[in-house]
Amino acid sequence: MTSGLFITFEGGEGAGKTTQIKRLAAALGNCVVTREPGGTPEAEALRNAFIENNGQNWPPEALVMLMFSARILHTQNLIMPARMNGQTVLCDRYTDSTRVYQGYAGGLSLEKIEAIKELAIGGFEPDITFVLDIDVETGLKRADKRGPGESTFEAKDMAFHERIRQGFLTIARENPKRCVVINASEDENTIAEKILNVVKLHWHNRGDGHHRQLDG
Ligand code: TMP
């Protein structure tokens, strides 16, 4: 059986990740929809520890440890088995959020984050990452309309959110094969269509690569 794709959605607050994940899941069928931090009962318990204790004030080192503890459990117990089972996994945030929130914006060095990542999940990365990009002000307004949610970093200042945005764009530039930047200020249908096209193209090219390999 062909393994399923692992697709992640990244971006700052109010970028519309949740809506687009739902749309893609509906279009593809046979998907597992999940999120980070969280996704399995143990990892959701770690998420609650972070949110209920106002985790944005913790040292970034503590946050990285928590994020990767949750990520190990989530990856081993849900993401990998689902992919092996041929299901496509759609995940709201993954390692790029740690690189950006705790690294680019939180001040921890990327080298340290990569070292912990290596220990936790080795070289495991998503097949496709959609970076939903929106200007900070519009994103925060949208997030505000949702009401007081769980997004613990929403209350931070504009400079922090700008570092988040630029961090995601830098990662996308440095990983052009994996990352696709989507202009999240466009209308919902246009974005959904673009995302679906990228996924279809990826499937198509993956099939080609497989044949080329088989043909030697
Ligand atoms: P959410 O609001 O998208 O559900 O994410 C919860 C918060 O957790 C969000 O503000 C970003 C933050 N976060 C990190 O700081 N590091 C991480 O590794 C992840 C996955 C999320």
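Nothing in this text is a laboratory measurement; each read-out follows from the coordinates by a stated rule. This structure is a prediction, so every number in the text was calculated from the model and none was measured. Cβ: placed from backbone, ideal geometry, glycine included. Neighbour counts: every protein chain shown.
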Query raised in the report: Which angle between 0 and 90 degrees, to the nearest 10, do you get for helix 17-28 versus the longest principal axis of the chain when only C-alpha atoms count?
Result: 20
Report summary line: Non-local residues with an amide H under 5 Å from the amide H of Cys179, with H modelled 1.01 Å from N and Pro and chain starts lacking one, are Thr129
Report task. Please tell me the relative contact order of the stretch 44-144 in percent, rounded to the nearest whole number, where contacts are Cα pairs under 8 Å and at least six residues apart. Result -> 28
Report summary line: Expressed as a whole-number percentage, the relative contact order of the chain with C-alpha contacts under 8 angstrom and at least six residues apart is 31
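Pull out the extension gain between Leu196 and Ala49, defined as 0.36 nm times the separation in residues minus the alpha carbon to alpha carbon distance; nm, one decimal. Provide the component values of the computation, followed by the final result.
On the way: separation 147, 0.36 × 147 = 52.92 nm, distance 3.47 nm.
Length gained between Leu196 and Ala49: 49.4 nm.
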Query raised in the report: So how tilted is helix 110-121 from the main axis of the chain? Cα-based, degrees 0 to 90, rounded to 10.
Result: 50
Query - Between helix 136-145 and the chain: long-axis angle, C-alpha atoms, 0 to 90°, nearest 10 - result: 80
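Holding the Cα-Cα limit at 20 Å, pick out from Lys17/Lys141; Lys17/Lys194; Lys22/Lys200; Lys117/Lys200; Lys22/Lys194; Lys177/Lys200 the pairs that are longer than that.
Values: Lys17/Lys141 15 Å; Lys17/Lys194 14 Å; Lys22/Lys200 17 Å; Lys117/Lys200 29 Å; Lys22/Lys194 14 Å; Lys177/Lys200 15 Å.
The answer is Lys117/Lys200.
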Report task. Along Cα→Cβ, 7 Å out, is where each label goes; now give me the distance between the ones at Arg146 and Glu188 in nm to one decimal. Result -> 1.4
Report task. Give, in nm to one decimal, the length gained when the segment between Met1 and Ala25 is fully stretched (0.36 nm per residue of separation minus the Cα-Cα distance). Result -> 6.6 nm
